[in-house]
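**Student:** A single structure is presented below for examination.
The values are calculated or read from the model by the stated rules, or taken from the named source; none is laboratory data. Note that the coordinates shown come from a computational prediction; the quantities given were computed from them, not determined experimentally. Note: ideal-geometry Cβ built from the backbone for every residue, glycine included; neighbour counts use all protein chains shown.
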């Protein structure tokens, strides 16, 4: 019978991981608003929203450092410490990709987007919002699992991981559609390059979310 080792400690590292996941989730709404602001020719708050993402990212980094600094080398955990850190790296990379996306947009001073691409672009953005938000839910349920090792709870976490995998697939499809349309249009080379790279930055958000799900599954298989 497996013993819930985390119950032997007053503080579980998953408390910090969950706090970090909530920071990642916090960025979803701001990210969506920043994208919609960029698409609109009337919005003037893009830089403010980008600065808000930078603030959230810094707070998440502080939590990440705290987790790494307060997990002793020889501590006894219910999961492999290095797997936990690899999971945390993928979760943190979701927020990094959000920040990279907005940074990339900011390199072109003119706001707006080719009108013919707006709908598909917003569909692509919407496709990565759910994976961002799903991570916090996964960590909440995984924390319960590592406290009880309940088979029912294990199935709950695995279902979330399957959802993340499907969401990443949907995001890949939206990214492919967007790229195909870009190459079929008569756009200047700079706009083509900037838009294609932007799609890749956005797609990487869902990629890292799926990777985090895979790392969670690996920790549960221990």
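**Student:** Regarding the range 109-117, can at least one residue be identified that is surrounded by 17 or more Cβ atoms within 10 Å (Cβ to Cβ), assigned to a helix (DSSP H, G or I) and in contact with a helix residue (DSSP H, G or I) (Cβ under 9 Å, 6 or more places away or on another chain)? Steps first, answer last, please.
**Tutor:** First, the residues of the range 109-117 that are surrounded by 17 or more Cβ atoms within 10 Å (Cβ to Cβ): 113, 117.
Right, trim to assigned to a helix (DSSP H, G or I) and you get 117.
In the following step, the residues that additionally are in contact with a helix residue (DSSP H, G or I) (Cβ under 9 Å, 6 or more places away or on another chain) were identified as 117.
Yes - at least one qualifying residue is present in the range 109-117.
**Student:** Something else about it: Has the range 198-221 got any residue that is in a loop (DSSP other than H, G, I, E, B), modelled with pLDDT under 95 and surrounded by fewer than 13 Cβ atoms within 10 Å (Cβ to Cβ)?
**Tutor:** If we filter the range 198-221 for residues that are in a loop (DSSP other than H, G, I, E, B), which is where we start, we get 221.
Then keep just the ones that are modelled with pLDDT under 95; that gives 221.
Keeping just the survivors that are surrounded by fewer than 13 Cβ atoms within 10 Å (Cβ to Cβ) gives 221.
Checking the range 198-221: at least one residue is in a loop (DSSP other than H, G, I, E, B), modelled with pLDDT under 95 and surrounded by fewer than 13 Cβ atoms within 10 Å (Cβ to Cβ).
**Student:** Please count how many residues of the range 172-194 are surrounded by 14 or more Cβ atoms within 10 Å (Cβ to Cβ), at pLDDT below 95 and part of a helix (DSSP H, G or I).
**Tutor:** Matching residues across the range 172-194 total 3.
**Student:** Now a separate question. Could you give me the residue pairs with C-beta distances under 7 Å whose first residue belongs to the range 30-42 and is over 11 Å from residue 118 (Cα atoms), whose second residue is part of a loop (DSSP other than H, G, I, E, B) and modelled with pLDDT of 90 or more wherever it lies, and which are 6+ apart or on separate chains?
**Tutor:** 37/45
**Student:** Examine the range 75-83 for a residue that is on the phi < 0 side of the Ramachandran plot, surrounded by fewer than 20 Cβ atoms within 10 Å (Cβ to Cβ), touching a helix residue (DSSP H, G or I) at 6+ places or on another chain (Cβ under 6 Å) and in a helix (DSSP H, G or I), and state whether such a residue exists.
**Tutor:** yes
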